[in-house]
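Read through the structure below, which is laid out as structure tokens, and then see the notes.
The values are calculated or read from the model by the stated rules, or taken from the named source; none is laboratory data. Source: prediction; values computed, not measured. Backbone-built Cβ (ideal geometry, glycine too); neighbour counts: all protein chains shown. Ligands, DNA and RNA are excluded from the accessible area calculation, which covers all protein heavy atoms including side chains. Shrake-Rupley method; radii C 1.70, N 1.55, O 1.52, S 1.80 Å.
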Amino acid sequence: MIRQGRGVAEWLKNADHPDRLVLRLAAVTGTRITIIGADGLVQGDSLEPFTVGRPVGDAWEVSQARRGAVGKAIRTLRDDEPPQYLVAVPADLNRVVRLAVPLDDVLETRARMRNRLLVGGGFGFVGCLVLSWIFIRALTRPLQAMTQGAEKLARGDYEVPPPIDSGGELGVLARAMNRMTSEVRIRVGELTEQRDLLSVVFGGLVEGVVVIKRDGGVVLVNDAAKPLVGEGAELPARLAPLVTRALAGEQADAELELVGRAVRASARPLGDPGAIVVLYDVTRLRSLEAVRREFLSNAAHELRTPVTSISGYAETLLGGGVDHETSQEFLTTIHRNAQRIAALVADLLVLDTLEGRAERVGTRTPIVLAQVAGDAARTAKGVIPGARIEVDVAAGLAVLGTREGLDHIIQNLVDNAIKYGNDTEVTVRARQIGKRVQLTISDRGPGIPAGHEDRVFERFYRLDAGRSRDQGGSGLGLAIVKSQIESIGGRVWVEHAEPGARFVVELDAA
């Protein structure tokens, strides 16, 4: 009846007249079919067509069908008829299809089936007794062989010998058992493969996963969790409150510190097996958040001084009463600070292009290094005529990169060497080492104090903040250089030149 009801529901999707459809389908199914609309009114009834448009009333099976389930009930639909067995299934447009048959028909069918089963079972039992008595001796040997095969199968030995060639049902049973052995071997192999796959996936998860039994013992620990919780049978004490809540059926989350790492722990109940704890190492995320806060603080600090200066001088000029010479001085100061802000914004945009949009950097091509280094030296001397720059780069030495990027890298490093080298000679050299080229820019100035070699490449970092601002530095030059070099497949670091500093740029040789 459920299948018939669903079939009627499928027919109903394409039917325009439910009242006609139920008459035809009732003749096919041999049931009384009623279609109830979303508003609770009868849209079609195979036995009582005159009820169309009337409310169906309080029908429990219909309310169940409206919830998406299959409603079943036994009751009378009219006072003058016997009890009906009712089945209601949901249909489209929130309609319900209900089938009804007299309960006597169902009981009669069930009784008929029961009698047939009893009779068949009785005959089968008698036949088994007779056949067992006749063939007891003939069955002994093959049964023993099958028993031995079953015992080997139970021990996990799937190499069962072929069945003894015997006729009749015993031969069929022996061959079926042999096929079952093959199927079991295949299924065990598949389960073993799935177990191994799950073990690999479990072990390869980036997040740490720990499974705990109901008694608090550790069942499983994947490789990512072992550095955080160890490999012992007990969890760290800081995880105990989360595990206790999870074993009690609650969900628990907390951020805590394990072995010096910031960890986000989430504990979830698993029911009878126990609980599971997932550990997310958020140390890098928290470090990045600290870097972001430091960057925003530094950016605000860098902008505050020129903005305050511009605001103060502008207010003075707007107030009037300032002579022409003083006004020109104020305007010059405003212009200088505006240029400082513009340079800072331009540097930030370059960093954004290099770090957040690497696809815009361009395609690497062979670039002659001597030409770029020579142009940088000439440009620097044009700005500072007294600068002493020595360029020692082989004429045929080329690297993979972009001309614009290499111009910016070498020019920035040369300018920094001149600014902070205390008017000492700046040397630019390059040599090829295997498939890489090392370019060095060195000076003989005060150099960089030990421990600051990596920090000089951070945004807004300065060894001498006051001196850098006086010389027009934004604190972003070396950060841009590092991002530019990494974007073309290179790396950069700083060494102590004794005296002075030596910046080393390593790029792919062309």
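In straight-distance terms, cross-link reach from Lys419 covers every one of the lysines whose alpha-carbon lies under 25 Å from its own, apart from those fewer than eight places away in the same chain; here that gives Lys381, Lys482.
Taking 0.36 nm per residue of separation and subtracting the Cα-Cα distance, full extension of the segment from Met180 to Ala150 would add 9.8 nm. Sorted largest first by accessible area at a 1.4 angstrom probe radius, with every protein chain in place, the residues Thr34, Thr440 fall in the order Thr440, Thr34. These residues, Leu507, Leu220, go from largest to smallest accessible area, 1.4 Å probe, as Leu220, Leu507. Using C-alpha pairs under 8 Å with a sequence gap of at least 6, the mean separation divided by the residue count of the chain gives a relative contact order of 7 percent.
Of the listed residues Thr365, Thr51, the order by accessible area with a 1.4 Å probe, largest first, is Thr365, Thr51. Element breakdown for the chain at a 1.4 angstrom probe: carbon and sulfur atoms account for 55% of the accessible area. Summary of the geometry: the range 1-30 and the range 372-429, compared by the centres of their Cα atoms, lie 88 Å apart.
For the chain, a Kirkwood hydrodynamic radius built from all Cα pairs, placed in the Stokes-Einstein relation at 4 °C and 1.567 mPa s, yields a translational diffusion coefficient of 38 µm²/s.
Per residue, the accessible area of the chain comes to 59 Å², computed with a 1.4 Å probe over protein heavy atoms only.
Cα centroid separation, the range 187-246 to the range 79-104: 52 Å.
Between the listed residues Gly216, Ala248, Phe123, the Cα displaced farthest toward the positive end of the dipole of the chain, a dipole computed from Cβ unit charges relative to the Cα centre, is found at Phe123.
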